[in-house]
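Student: Take this structure first; my questions come after.
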Amino acid sequence: MLDHFRMFADYNAWANRLVYGAAAQLSDAEFHENKGAFFGSLHATLNHILCADRIWLKRFTGEGDPPTALDTILYDDLAALAAARTREDARLITFTAALTPDAISGTFTYTPITNPIEITQKLGPCLTHVFNHQTHHRGQCHMTLTALGRPSLGLDMAYFLRTAEGRGYAG
């Protein structure tokens with residue numbers, strides 16, 4: 001499981017670089033345009049992913065300054081948002097690099113934003129959720145880019161495993 005989570009942290013950073021690279025090709029108006037994704041625009045969706053990651057990493061590590069709402073706009077401009085995303089991806093990579101089997105199977109307690117009751121769960125499934133959540137919303141980013149007439153992105157894990165960065169996980 002350790003390699004599994006480390007692979008997902010590296011894949012996650014790789015896929016985010018592709019999405020942010022595509023976003024950098026947009027005009028500011030396109031970046032902010034509501035194209036019907038759950039959070040509307042690419043701008044709002046990328047902010048949401050960053051919000052959720054900050055919330056979960058605070059829960060996992062006790063460190064950080066998470067937002068108090070899932071639709072918080074942390075950064076209005078793409079350059080600042082991209083820099084923050086890079087830092088958050090590095091935090092996820094560092095966190096997964098330090099995991100132990102005991103930590104993965106251990107529990108932690110947190111209070112959800114949407115339903116403020118204390119919940120205790122195992123770390124492993126919740127960390128899986130973090131990576132799945134990003135994949136889910138990156139799919140919405142892909143849809144938004146397509147709706148803006150931009151080329152499709154190859155975000156599949158299989159593509160990552162063919163890169164120099166991912167090849168070590170492919171065996």
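Student: In the stretch 56-73, what residues are out of contact with any helix residue (DSSP H, G or I) (no Cβ under 7 Å at 6 or more places or on another chain) and open to solvent by 60 Å² or more (accessible area, probe 1.4 Å)?
Tutor: The initial filter retains those residues of the stretch 56-73 that are out of contact with any helix residue (DSSP H, G or I) (no Cβ under 7 Å at 6 or more places or on another chain), namely 58-59, 62-63, 65, 68-69.
Those that are out of contact with any helix residue (DSSP H, G or I) (no Cβ under 7 Å at 6 or more places or on another chain) and open to solvent by 60 Å² or more (accessible area, probe 1.4 Å): 58, 63, 65, 68.
Student: For residue 75, only one of the following conditions fails: (1) within 29 Å of residue 161 (Cα to Cα); (2) touching a Leu at 6+ places or on another chain (Cβ under 6 Å); (3) assigned to a loop (DSSP other than H, G, I, E, B). What is its number?
Tutor: (1)
Student: In addition: Residues being open to solvent by less than 50 Å² (accessible area, probe 1.4 Å) and in contact with a helix residue (DSSP H, G or I) (Cβ under 6 Å, 6 or more places away or on another chain): count how many of those fall in the stretch 158-171.
Tutor: Going through the stretch 158-171, the residues open to solvent by less than 50 Å² (accessible area, probe 1.4 Å) turn out to be 158, 160-161, 163, 166.
So of that shortlist, the ones also in contact with a helix residue (DSSP H, G or I) (Cβ under 6 Å, 6 or more places away or on another chain) come out as 160-161, 166.
Of the residues in that region, 3 qualify.
Student: Quick test for you: out of 76, 53, pick the one residue that is crowded, with 18+ Cβ neighbours inside 10 Å and charged (D, E, K, R).
Tutor: On the way: 76 fails: crowded, with 18+ Cβ neighbours inside 10 Å.
That would be 53, the only listed residue that is crowded, with 18+ Cβ neighbours inside 10 Å and charged (D, E, K, R).
Student: Now, a different point. Take the stretch 142-157 and flag every residue that is open to solvent by 30 Å² or more (accessible area, probe 1.4 Å) and either touching a residue at least 60 places away in the same chain (Cβ under 8 Å) or not β-branched (Val, Ile, Thr) (or both). If you could, list the steps in order and put the result at the bottom.
Tutor: The initial filter retains those residues of the stretch 142-157 that are open to solvent by 30 Å² or more (accessible area, probe 1.4 Å), namely 142-143, 146-147, 149-154, 156-157.
Result: 142, 143, 147, 149, 150, 151, 152, 153, 154, 156, 157.
Student: Looking at the stretch 52-73, I want the residues that are at negative phi and have a partner that is surrounded by 19 or more Cβ atoms within 10 Å (Cβ to Cβ) and basic (Lys, Arg) with Cβ atoms under 8 Å, at least 6 apart or on another chain. Which pairs are those?
Tutor: 65/54; 66/54; 67/54
Student: Filter the stretch 92-132 for residues that are in a helix (DSSP H, G or I), open to solvent by less than 70 Å² (accessible area, probe 1.4 Å), farther than 16 Å from residue 66 by Cβ and of a type in the set (Val, Ile, Thr) and give the result.
Tutor: 93, 96, 104, 128
Student: For the stretch 39-70, what are the residues that are under 25 Å from residue 104 (Cα atoms) and of a type in the set (Ser, Thr, Tyr)?
Tutor: Passing the criteria: only 61.
Student: Taking the stretch 133-171 as the search range and keeping residues that are assigned to a helix (DSSP H, G or I) and of a type in the set (S, T, N, Q), which one is nearest to residue 34 (Cα to Cα)? Steps first, answer last, please.
Tutor: Filtering the stretch 133-171 down to residues assigned to a helix (DSSP H, G or I) leaves 133-147, 157-161, 167-170.
Now narrow it down to the ones that are of a type in the set (S, T, N, Q): 134-135, 140, 144, 146.
Numbers: 134: 19, 135: 20, 140: 12, 144: 8, 146: 13 Å.
For the stretch 133-171, the residue satisfying everything is 144.
Student: Considering only residues of the stretch 1-50 that are in contact with a strand residue (DSSP E or B) (Cβ under 9 Å, 6 or more places away or on another chain) and not in a helix (DSSP H, G or I), which is surrounded by the fewest Cβ atoms within 10 Å (Cβ to Cβ)?
Tutor: That would be 34.
Student: On to the next question. Give all pairs with beta carbons closer than 7 Å in which a residue from the stretch 116-139 that is closer than 22 Å to residue 15 by Cβ meets a residue that is at pLDDT below 95 and open to solvent by 60 Å² or more (accessible area, probe 1.4 Å); count only pairs at least 6 apart in sequence or on separate chains.
Tutor: These pairs meet every condition: 124/1.
Student: To continue, here is another question. Is it true that residue 86 is within 20 Å of residue 63 (Cα to Cα), open to solvent by 70 Å² or more (accessible area, probe 1.4 Å) and assigned to a strand (DSSP E or B)?
Tutor: no
Student: While we're on this one: Can you name the condition, by its number, that residue 27 falls short on among (1) at pLDDT 95 or above; (2) within 15 Å of the chain's Cα centre (by Cα); (3) within 23 Å of residue 155 (Cα to Cα)?
Tutor: (2)
Student: Also, I was wondering about something else. Those residues that are of a type in the set (A, V, I, L, M, F, W, C) and either farther than 16 Å from residue 16 by Cα or at pLDDT below 95 (or both), I need them from the stretch 67-105; list them, please. First the steps, then the outcome.
Tutor: Taking the stretch 67-105 as the starting set, the residues that turn out to be of a type in the set (A, V, I, L, M, F, W, C) are 69-70, 73-74, 78-84, 90, 92-93, 95, 97-99, 103-104.
Correct list: 69, 70, 73, 74, 95, 97, 98, 99, 103, 104.
The values are calculated or read from the model by the stated rules, or taken from the named source; none is laboratory data. None of these values were measured; they are calculated from a predicted model. Note that each Cβ is placed from the backbone with ideal geometry, even for glycine, and that neighbours are counted across all protein chains shown. Calculation scope for accessible area: heavy atoms of the full protein, side chains included, ligands and nucleic acids excluded. Shrake-Rupley method; radii C 1.70, N 1.55, O 1.52, S 1.80 Å.
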